[in-house]
Each structure stands twice: as structure tokens, then as C-alpha cells.
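Quick notes on the structure that follows.
The values are calculated or read from the model by the stated rules, or taken from the named source; none is laboratory data. This one's a predicted model, so the numbers in the text were calculated from it and none came from an experiment. Cβ placement follows ideal geometry from the backbone for every residue including glycine, while neighbour counts extend to all protein chains displayed.
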Amino acid sequence: MTTTTPTAATPAATTGKPRSASPRLRSRKTHSVDKPRRNWLLTVLTAIVLLYALVPLAWLLISSTKTQPDLLSTFGFSFGESFALFENIANTLAYDDGIFLRWLANTLMYVVLGAGGATLLAILGGYGLAKFTFPGKRAIFAVVIGAVAVPGTALAVPQFLMFSQMGLTNTPWSVIIPSLISPFGLYLMWTFATQAVPTELMEAARMDGASEARTFAQVALPLLAPGTVTVLLFTTVATWNNYFLPLIMLKDPQWYPLTIGLNAWNAQASTVGGQAIFDLVITGSLLTIVPLIAAFLLLQRYWQSGLTAGSVKE
Amino acid sequence: MTQAVVPVSPAGQTTETTNPRRGDRAGKNRAPRSWRGWGFVGPFMLVFALVFIAPIAYSLYISVFRTQLVGGTQFVGLDNYIRAFQDPQFWDGVGRVSLFLVVQVPIMLGIAMLVALAIDSGRLYGKDFFRISVFMPYAVPAVVAALMWGFMYGPRFGLVGYINEFFGWSIPNPLGPQWILLAIGNIVTWSFVGYNMLIFYSSLRTIPVSLYEAAELDGAKQHHVIRHIKMPAIRGSIAVAMIFSIIGSFQLFNEPSILQKLAPNSITTYFTPNLYTYNLSFSGQQYNYAAAVAIIMGVFTMVIAYVVQLRGMRKDA
């Protein structure tokens, strides 16, 4: 049992990864290709990057428990005189007649309509590109891939000029409509649909007399679910975190999403006569990221399988 | 395979060509060529035309005009482009994002690669915790990331002042003019290291275990496995990550735009080409010139992304 061949037991020769594989080679060794020996040194080295990722978030969490005087007078990673997290949250939500809640509602609207619509268009488009051959298909591929390389910010100024001539600036539409296109989402769904939907199954449905719409809705759509969750999460992040587009499109604070609102609160401190509300900026920042982090944690099984499929070569 | 434009693209290997390697799955049952596919692709392309193609066409159009208070709008040909190529402020921004690109992108992708390899090796204690934690900053909006780091850098209630006081060091102000680019590079690295790590990790996971088993039987060492199995297998995703990073560097805007409030003396109105375009448009009302600058930057980005893509493909073959 434990005395297998020496080469196979040394860490240098056990190369690999834990994943379910052919059971034949795995059976008898303690440390095999599938289950290599754990290594403390590597864990500690990688933990440096882990700390780098988490320390600023810890700072945000600690800072949101402090009052403004404590923020200015105590060290960033120590707690203040008083624990004011709930007070801060209440103040953030109440400030300026509850404008933060309005921004939150706006952000949710942009996400539901923008990211939801983008995901829907990406599913339809990705499925169409993966499973059909039609005139112009190659041109679409070239144009969409080319479009990925066009800086979104380079597009935003002409988009603004066009939308202002159409009278759409300073309305929610000016944020929602550009959010509807996610070339990356289309690309991901395309790759995913190629692998996830067997053409035989579509043929069988057609033989049974199902229309194309019905084949899509009842055969393809359930199979595309993991990819859909992935695309939905990434378009949600893109919309939730969008800054440049709403910055130029919106003038009226009533339509601001959270990102622009927070930035406006921060800018308030540097304007003459403006009230510095860093405690609210910090607590508001925390409230802005919590829903997304929760979504990523809860849905990780789905988006990770979707991403893996998206990166499959061949 | 045959005419894939992006290394990991599905084009040409789906239903268009009969690929011998997967002919039994996709090739044999390929759909007949018809217009039916447009029913699915149409909605995307319609909106795409409205928010991508039309604005590009429109900015090409306005970039050859000039609007003046006296004299109105007149056709000036390529004058705006010539002006951009002679504009030191434009080149200042281009130089800055290029420097950013050659320093920040390799560091970020290098760290991402090392973490991906470490997690994939299966030798970490608690690897799921590592994977999800390193990825977490991706979910933080650029606004929050920039504000958070800006506060930590800043003199008002920043950490740098405390550290200097406590250890007797004299770390310079990260928001000062000499260090601001580094400070921004750190914010961008923090935000995207996990995202790139996940791209690499996902593609490492697609390597079949049988390859590792064969390597083990041959007595290959870990570094051989990394060099000869893992790296070649993820070349495509390295190219993809590089293209996204190049685009990200050239359109650098959010972080400097937000930090400007905290460090007004360090970030000029032409700090990056995008900031310049923005300020030309919305402070200067010079839409025509701004369009020309945006087009030049778009072309730069596409050319460099295309070159990287070609190189990635050549190594791929």
C-alpha cells in the first residue's frame, strides 16, 4: 500500500491535479497524479496574493464601522472608539432624502433591463451562430471580434452625440440601450452552445415537427443554463460597475446609478463649501459591493463551469 | 481550426467545416445553409448596429469637420487627424498608457499565471478558498476600488502616513505626480489579477489527466510538465488575456478620472488619451477633434491587439 514505487511517491514526480479521471491508475497510491501531496511553502507563497486581494476589502469593512472623526484619527486597520456600522448604514440610506436608495433602484433597473437584455441577445445570437449556417455568418464573426477591440470609451462619446440628437440623453434609455450589447457574452455563448447542444437532439426535435422557436426554447435553452448564468453574471458586473457611460449620459442625479452617485459624494468634499461625507462614501461603497460578492459566492458552481466551457480549446 | 481568428474561437469548427477530429459530433449533421439562423442572430445584430456600428460611422463622419463659434461647421478633411499627430498633449497620454501597458500588464498576468498554476497543481491547502478570494476584487466596481485605494494612499486618513510615522520610514506620497501611475497600476492589478487567474485556471482545467499520467510514467519533473504540457495548452487563453489587457490599458479612464478628485495636481486633463477625449468633448466642446483622437486610439488598439493575436496563433500552430 504505502510502499509503492519510489518515483511515484516523491513529490517531484507526482504531477497533477485533483480531478475525477480514469480510476485505474488512482486506486492504490496515497499521493497520485490526482491527489498530490499538499505543500505548505506553496500555500504560504500563494497566500501573499490572497492577502493582497483581501486586505483592501478588510480595510473597507473596518472603516465602515467608524464615525468620521474616528476615520480621520485612528489607524486604518484598527477599530475606532465606537462601533458605528449600523448608524453609518442608516445615515447612508437617509442622507439627502434617501437618494442612495434611489440610486440602488436605478442600478437594479439598469441591471435587470441592460444585463438581462444583453444576456438574452447573447443566448439567441450565440445559439444561432453555433448551430446554423447562414449567409453573412463569417462577416458577423469578423465584425463582432473586431468590435471587441474598439475601446468602449472611444465609442461612448459618439454614442453620446447620437443619443443627444435622438433626445435620449439624461434618460434611463441612454444607459440601458448601450448595455444591451456584450460581444464577450456573445462569444462565450457561441462557444458554449457549440459544445452543450448536440445537433442530433435538434434534428430529433425537428423530425417531431417542432418549430425552430420551440426547438430552441425546449431543447436548447435548458442545456444552455450554465452558460447563461455565466453570461448573466458577467453582464451584471459590467452594468452594475459601469461608470463611463452613465457619467457622460446622465446629468440628473435622479437617474444616477450607485457608482456615479458615490463619485458625486466623494467630489462633494473637494468642492468649496461642500460637506465632507467620507463615512457615507465608505459605507455606501460597502453596500454597493455586497450584493455582487454575494451573487458570485452563491452562484460559483454555475459560472465556473460556464467559464471552463468557454475556454475549451478545440 | 481552419479560419479561427481568435485562438480559442469556435469559428469554422462548428458546423461550417467537417473537422476530422470531431466529425462524428458536429460535422456530419451540419445544418443546411439557410437564412433561418438570422432569426436568432438578428436581434443582436440590430442592436449592435445601433450602438456600435452607427456611432463609429458617425464619429468618422464628424471627425472630418470643424465647428467654430464664428463660421459654423465646415469640412476640413484630415486636419483633425494631422492636428492630433502634432499634439504634444495627445502623445503625452499615449506615452503614459504605453508605459503602463509594458509594465503593468506583464506583472498582472505573471501573478495571475503563478496563482493559476499553484491552484491547479492541487498542492495548496484550501484551494477553493484561494480561487474565490483572489477573484473577489473583480466584483468591486472601478469607482469603489479607486476610492478605497485612494483613501488608503491619501494623506487625509491614509495608511502611508501612519506607516511612515510608525516605522520612521519615508515612503513618498503615492498620489504625488511621480508615483501616481504606479498607484493606478496597483489598483488595476488588484482589480483584474483574479479575473485573469480564472481565465488561465479554467483553461488549465481542460488538460486531460491522461497527459499528466503519461508524463508521470515518463518520469517528467513538475517544471517539465509546466513547460511542455501546461504552457502550450493555455497559449490561446494567454493571448486572449493579453488582448483584453491591452484594450484595458489603452482605454484607461475610470481610475485616473476618480483619483483626480483626490489628487488634482497629479492628474492632468490629458493624463490618458481617453481622459483627453472626455475633457475635449465635455469641457472644451471640441467634439470633432475628440472624435478624431478617439478613432486614432481605436485603430492603435486594434492594430496592437491584432498583432498579439497573430503571434499567439503562430505559436499555437
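Worth a mention:
- Among the residues examined, B:Ser133 does not qualify as crowded, with 19+ Cβ neighbours inside 10 Å, at pLDDT 85 or above and among the polar types (S, T, N, Q).
- Taking segment A:77-109 as the range and being touching a Phe, Trp or Tyr at 6+ places or on another chain (Cβ under 8 Å) and within 13 Å of chain B (Cβ to nearest Cβ) as the test, the residues that pass are A:Phe77, A:Trp103, A:Thr107.
- Answer residue from segment A:269-292, given it is more than 18 Å from A:Leu101 (Cβ to Cβ) and part of a helix (DSSP H, G or I) and is modelled with the highest pLDDT among those: A:Phe278
- Here is the figure for segment B:101-117: residues that are at the interface with chain A (Cβ under 7 Å from one of its Cβ atoms) and surrounded by 23 or more Cβ atoms within 10 Å (Cβ to Cβ) total 1.
- Screening B:Phe282, B:Phe300, B:Phe250 for residues that are without any contact (Cβ under 8 Å) to a residue 40 or more places away in the chain and under 30 Å from A:Thr169 (Cα atoms) leaves exactly one candidate, B:Phe282.
- Selection within segment B:276-311 - among the hydroxyl-bearing types (Ser, Thr, Tyr) and either surrounded by fewer than 19 Cβ atoms within 10 Å (Cβ to Cβ) or within 9 Å of chain A (Cβ to nearest Cβ) (or both): B:Thr277, B:Tyr278, B:Ser281, B:Ser283, B:Tyr287, B:Thr301, B:Tyr306
- Summed over segment B:139-152, residues that are at the interface with chain A (Cβ under 7 Å from one of its Cβ atoms) and either touching a residue at least 12 places away in the same chain (Cβ under 8 Å) or assigned to a helix (DSSP H, G or I) (or both) total 9.
- Annotation note: of B:Ile267, B:Ile226, the sole residue that is in a helix (DSSP H, G or I) and either modelled with pLDDT of 85 or more or more than 8 Å from chain A (Cβ to nearest Cβ) (or both) is B:Ile226.
- From A:Gly185, A:Gly209, residue being in a loop (DSSP other than H, G, I, E, B) and small (Gly, Ala, Ser): A:Gly209
- Selection count where residues are of a type outside the set (Phe, Trp, Tyr) and more than 7 Å from chain A (Cβ to nearest Cβ), scope segment B:122-138: 4
- Test: residue in segment A:224-238 that is surrounded by fewer than 18 Cβ atoms within 10 Å (Cβ to Cβ), modelled with pLDDT under 90 and of a type outside the set (Val, Ile, Thr): yes
- For B:Pro264, the conditions (1) free of Cβ contacts under 8 Å to residues at least 60 places away in the same chain; (2) farther than 21 Å from A:Trp265 by Cα; (3) surrounded by fewer than 23 Cβ atoms within 10 Å (Cβ to Cβ) are fulfilled apart from (2).
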